[in-house]
Every structure is written in C-alpha cells, then in structure tokens.
C-alpha cells in the first residue's frame, strides 16, 4: 500500500547534513511515510551514504547537476504518497512535525476547505545555536504573498496538486518553493498556518539564500512567471511589478558590492545605471529614504550579506 506522506528531499554534495536531516524524518511520531532523496549530481558520497541508511528511504539519481527544482521533480516522479512533505537536505524537523501538520490538514479538509498548503513555524538555527523563531501569517492573500514569502519550504502539499500545476520551476534557483506557493494560492486553494515551530532552518554561509545577487535574479524570475500566467488582478500585477523592480535593484547593488570587493574601486558606472531604477523604487518605498544613506555606505564598503538587512516594505 502507498504511504500517506512522501517526504521529498533534494540533495547536492550534502554529506555533512543529509544524515541528520534523515534522522529527523526517521524520528517522526507519525510513521506512515516514505522518503525520496533526489541526488542532484553530487560529486561527494551523498548517494552512497543514503543508499542503505533506512528501508523507507530511497535515493534516486539525476545524473548531472540541474538544480533544486529539477531534483524535487525527480523525487516527485518517484513518490506515491497522497501528501508531499518538503524538506531541504540541510534542514530538520522536530519529532511531531508530520503528526501536527496532518492533524491540521485533516481538520481543515473536514471543515470544507480546499487545502493547498499546510505550513508551520520555524526555528532559526545559526552556527552558534538558535536565533529565535519565525511564524507564518494567520491568513494569506495573494497580494500579501506577492509582497513577502511567509511560507517556509518545509510545508505539506497534496501530491496531485503539485503535479496538476506542472511541478517545480527549474529556472528559479532558491525560490522554487515560493513560485509553487504563488501558483497554489492563485488557483484558489487555502493555506493552513500552524502556529507551532515544527521545522528547523539551519542558517549557514553555504546556503543558496546567502547569495544576494543570485537570489534576486531568482525572485525576478518568480515575479515574471506570476505576471506571465495572467491570473493576477490589476492590484496584484502592480505589486508584482514593484517587487520585480525592487529585486532588480538588489541585484545591481549586490553586483556593485562584489565589484567593489574584487577591484577595490567604486563601480561608478554601475551605480549611475542603477540610479533611475533606484529613484523609481524609492517612490513606492518610503522607508528607503531613511535607509538610503546607510545602504549606500554598505555598497561602498562591499559588505557581504547586505540584502539580509534591507527593509522588507
């Protein structure tokens, strides 16, 4: 018989973290699951470590490295569960993650909701220890989700819904989950927010999300997809276009900082090219008028990770 839940885990050169992630799945209080790890062309021994680790964990290999979206799609193609639970190879679940998520899913379905996503609170784990928690909104609108992704990747989704929506995008490296959340909410499905910290996000310098320019490019692709699908209202289109410009400005700023660090010179040409876009973005974001002097000094110094301190609205 098929398991209730298929755990989908993309992995690339993940030998340092994958077994701990798998242990957090094996330790779940809910036991009707399978786990599929999609090895995305690893050059280390990730696949070998997984191969005989646990009878309900399978490793499928995709050949060359194609990115997180393609790896998730490969794992999905090998999944048989009614529900899919997403887990990244460097993150963890608390023991009651699946049990609590499924309880909330079943309660919402029993109440007549067409559930598309069940998300939860997240513990932020840095190299030195916990850095607090972040929680999802109590309710989600598409307009709010376009402004900011409050849904952590470790979420529960009906498998057939992901398949119906065409699987994960392969051109949004680092925002594949966000692209899927937008498509699910666009389709009219409900988001169930569990206000418990059931997942652990391990923050580190090697994660995809620490590449500011790359993340900004992925975000731009995500917003372009949303606009191209043609399902947004006029207000939602305006939000998506505004966020698209903002992410382009972040990309230009990150590239200017990188050039400053590499050459030791102020990239005057790049800053001048970014100036008109900066003025346009600032007109819609009053907080930038206060933040602009500090952000300018950050770009001059070439400080890494500036994006993490930029104002959200």
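Read-outs throughout are calculated quantities, based only on the coordinates presented, and are distinct from any laboratory measurement. Computed from a predicted model, the values in this text were never measured in an experiment. Note: ideal-geometry Cβ built from the backbone for every residue, glycine included; neighbour counts use all protein chains shown.
Overview of results
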{"quantity": "Potential extension, residue 135-residue 114 segment - 0.36 nm per residue separation minus Cα distance", "calculated": "5.4 nm"}
{"quantity": "Contact order normalised by residue count of the range 141-250, Cα under 8 Å, 6+ apart, percent", "calculated": "34"}
{"quantity": "Protection-proxy order for peptides 245-253, 110-118, 224-232, each taking the mean of Cβ atoms within 10 Å per residue, highest first", "calculated": "245-253, 110-118, 224-232"}
{"quantity": "Separation in nanometres of the label points that stand 7 Å from Cα toward Cβ, at residue 196 and residue 143", "calculated": "3.3"}
{"quantity": "Where only C-alpha atoms are counted, convex hull volume of the range 5-209 per residue in Å³", "calculated": "115"}
{"quantity": "Label-point separation in nm, residue 82 to residue 96, each point 7 Å along Cα→Cβ", "calculated": "2.2"}
{"quantity": "Length added when fully stretched, residue 150-residue 64, from 0.36 nm per residue minus Cα-Cα", "calculated": "27.8 nm"}
{"quantity": "Antiparallel bridge percentage (DSSP; both residues within the range 5-209; nearest 5)", "calculated": "30"}
